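Remarks on the structure that follows.
The values are calculated or read from the model by the stated rules, or taken from the named source; none is laboratory data. Note that the structure is a prediction, hence the values are computed from the model and not measured. Positions of Cβ are generated from backbone atoms using ideal geometry, with glycine treated the same way; all protein chains shown enter the neighbour counts.
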């Protein structure tokens, strides 16, 4: 009977040691996952900080009319869609995305240079018409976007 108690004690001790080892491995794995998540979040924040800095520059240029509305909205739409830590910008800034969606089919850069003069003028007229349609709403969106960008940059700097 005594041997059974010793044998049971050995089995329980072995199981306890094995359980402790598994708990230690789980703790290490949990810590590694947490560190990896923090590193990934820091990388996303750095990515977004760079984009938000560009957004802030474009917003300022548009507000002081150093950048055309159509060009600025095109650039802002692309940049805002590239943000990793926030979304739904089309709902937050409908005029900016509205103008972008209205003109995104138009030729740019070398493709524009290849257009005939009549076609370029037609696209210019269409673009100017859309700019006039969205102008007031875009100015309002720019104010909201300036505040949003400032807030996001402050949050990214903290983390």
Exercise for review: Kindly indicate whether any position in region 38-60 is more than 20 Å from residue 155 (Cβ to Cβ), at pLDDT 95 or above and in a helix (DSSP H, G or I).
Suggested key: no
Revision key, fill the gap. For region 1-24, pairs from a residue that is surrounded by 10 or more Cβ atoms within 10 Å (Cβ to Cβ) to a residue that is assigned to a helix (DSSP H, G or I), with Cβ under 6 Å and 6 or more apart or across chains, are none
Practice item. Examine region 88-103 for a residue that is exposed (fewer than 14 other Cβ atoms within 10 Å of the Cβ) and either over 26 Å from the mean Cα position of the chain (by Cα) or in contact (Cβ under 8 Å) with a residue 40 or more places away in the chain (or both), and state whether such a residue exists. Key: no
Exercise for review: Identify the residue in region 125-159 that is surrounded by 12 or more Cβ atoms within 10 Å (Cβ to Cβ) and at pLDDT below 90 and, among all such residues, is farthest from residue 63 (Cα to Cα).
Suggested key: 159
Check your understanding: For residue 71, are the conditions met, namely being farther than 30 Å from residue 135 by Cβ and assigned to a helix (DSSP H, G or I)?
Key -> no
Point to revise | Qualifying positions in region 47-59 - in contact (Cβ under 8 Å) with a residue 40 or more places away in the chain and more than 18 Å from residue 92 (Cα to Cα) | key: 49, 53
Check your understanding: How many residues are in a loop (DSSP other than H, G, I, E, B) and either on the phi > 0 side of the Ramachandran plot or at pLDDT below 95 (or both) when one looks only at region 83-114?
Key -> 12
